[in-house]
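Colleague: Handing you a structure now.
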Amino acid sequence: KDLGRNRVHLYRAADADLQLQLKQMRWATRLKDAVENSQFVLYAQEIAPVALDAPNLNACEALVRMKQPDGSLALPEEFLAAAERYQLMNRIDQWVVGAALDALQREHALGRASRPLMFINLSGQSLGDEGFREFLLEKLRQHANLTPQIVFEVTESAVVTSLTRAKKLMDEVYARGCTFALDDFGTGMSSFGYLKELRVDYLKIAGCFVRSVSQPLDAAVCRSFTEFARMMKVTVIAEWIEDDRIL
């Protein structure tokens, strides 16, 4: 059905698409159990300034991992595709938002002077889901003292999927003191156009351009994104800086 209706497809046990679907079905079963029993954990990835004279940003991105029965951790690329296919992303997003806010609240309770920015990813399914909207707004009401520290990350493709609802949710969340970052910038078909329409404070250049920035074409793409963002007074963040050469 994924390849189109009104056709015949010959079954083969080794078919790559079939194996992928079976793998996602297995992940979906494990994900439902993980959601019910909170079998996730958050990691924090630092977001650091690269200019020598830049002030310390004091920010990090919350990254989710799933606990495995053998004690190991599954990375998002292993289970997010299954979560999206089986409509589980909004439930995972709810857990991530709750866990991130709880972590920040604990920092406040300890009386620490630092107030780090926490970047939290929201999926396209969550942006268009009314139940998630109500959950998120209630959480932000409960943690009103934390909202200046929260930056929600949305991808261009996620926003475009449900543009009207996404913009409404973003406006409501902005009104509560949070900010937004546009993630994976450059991978959509109309990046510049949507950046002009959306109210965002941070732009994250897609890692596929940053990782190969030594190539003239990708370097030109990164320059154009950066110049455009600066004209709009948007802070630029580069993903996938994995070694000193890329930095």
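Colleague: Inside the range 77-132, can you point out the residues that are open to solvent by less than 20 Å² (accessible area, probe 1.4 Å) and without any contact (Cβ under 8 Å) to a residue 24 or more places away in the chain?
Modeller: Correct list: empty.
Colleague: Now for a different question. Considering only the range 139-247, give the strands (runs of 3 or more DSSP E) lying wholly within it that have at least 3 residues that are aliphatic (A, V, I, L, M) and under 18 Å from the mean Cα position of the chain (by Cα). Don't jump to the end; show me each part of the working.
Modeller: Numbers: elements: 150-155, 179-185, 202-205, 235-238.
Of the strands (runs of 3 or more DSSP E) lying wholly inside the range 139-247, those with at least 3 residues that are aliphatic (A, V, I, L, M) and under 18 Å from the mean Cα position of the chain (by Cα) span 150-155, 235-238.
Colleague: Restricting to the range 34-54, count the residues that are part of a helix (DSSP H, G or I) and either surrounded by 11 or more Cβ atoms within 10 Å (Cβ to Cβ) or among the hydroxyl-bearing types (Ser, Thr, Tyr) (or both).
Modeller: Number of matching residues: 2.
Colleague: A further question follows. Does residue 99 satisfy being among the aliphatic types (A, V, I, L, M), within 27 Å of residue 178 (Cβ to Cβ) and assigned to a helix (DSSP H, G or I)?
Modeller: For residue 99, the condition - among the aliphatic types (A, V, I, L, M), within 27 Å of residue 178 (Cβ to Cβ) and assigned to a helix (DSSP H, G or I) - is met.
Colleague: Taking the range 142-185, which residues are open to solvent by 10 Å² or more (accessible area, probe 1.4 Å) and in contact (Cβ under 8 Å) with a residue 60 or more places away in the chain?
Modeller: Answer for the range 142-185, where residues must be open to solvent by 10 Å² or more (accessible area, probe 1.4 Å) and in contact (Cβ under 8 Å) with a residue 60 or more places away in the chain: just 183.
Colleague: With respect to the numbered conditions (1) within 18 Å of residue 155 (Cα to Cα); (2) open to solvent by 50 Å² or more (accessible area, probe 1.4 Å), which one is the sole condition not fulfilled by residue 233?
Modeller: Unmet condition: (1).
Colleague: Kindly indicate the residue of the range 167-187 that is small (Gly, Ala, Ser) and under 20 Å from residue 61 (Cβ atoms) and also modelled with the lowest pLDDT among those meeting that condition.
Modeller: So the residue we want is 186.
Colleague: Among residues belonging to the range 15-55 that are among the small types (Gly, Ala, Ser) and at pLDDT 85 or above, point out the one that is nearest to the chain's Cα centre (by Cα).
Modeller: 44
Colleague: Let me spell it out: the conditions are (1) modelled with pLDDT of 95 or more; (2) farther than 26 Å from residue 161 by Cα, and residue 115 meets all of them except one. Which number is the exception?
Modeller: So residue 115 meets the others, but not (1).
Colleague: What residue, of 204, 139, is in contact with a Gly (Cβ under 7 Å, 6 or more places away or on another chain) and not β-branched (Val, Ile, Thr)? Reasoning before the result, please.
Modeller: On the way: 204 fails: in contact with a Gly (Cβ under 7 Å, 6 or more places away or on another chain).
The unique qualifying residue is 139.
Colleague: Here's a follow-up. Within the group 64, 35, 41, 97, which residue is touching a strand residue (DSSP E or B) at 6+ places or on another chain (Cβ under 8 Å), β-branched (Val, Ile, Thr) and farther than 24 Å from residue 170 by Cα?
Modeller: Going through 64, 35, 41, 97 in turn, just one is touching a strand residue (DSSP E or B) at 6+ places or on another chain (Cβ under 8 Å), β-branched (Val, Ile, Thr) and farther than 24 Å from residue 170 by Cα: 41.
Colleague: Can you pull out every residue in the range 6-55 that is of a type in the set (Val, Ile, Thr) and closer than 25 Å to residue 75 by Cβ?
Modeller: Selection gives 29, 35, 41, 47.
Colleague: From 119, 135, grab the single residue that is within 16 Å of the chain's Cα centre (by Cα) and among the aromatic types (Phe, Trp, Tyr).
Modeller: Being within 16 Å of the chain's Cα centre (by Cα) and among the aromatic types (Phe, Trp, Tyr) holds for just one of 119, 135, which is 119.
The values are calculated or read from the model by the stated rules, or taken from the named source; none is laboratory data. Just so it is clear, the model here is predicted, and its values are computed rather than measured. Reconstructed Cβ throughout: ideal geometry from the backbone, glycine too, with neighbour counts over all protein chains shown. Surface areas here come from the heavy atoms of the whole protein model, side chains and all, with no ligands, DNA or RNA. Shrake-Rupley method; radii C 1.70, N 1.55, O 1.52, S 1.80 Å.
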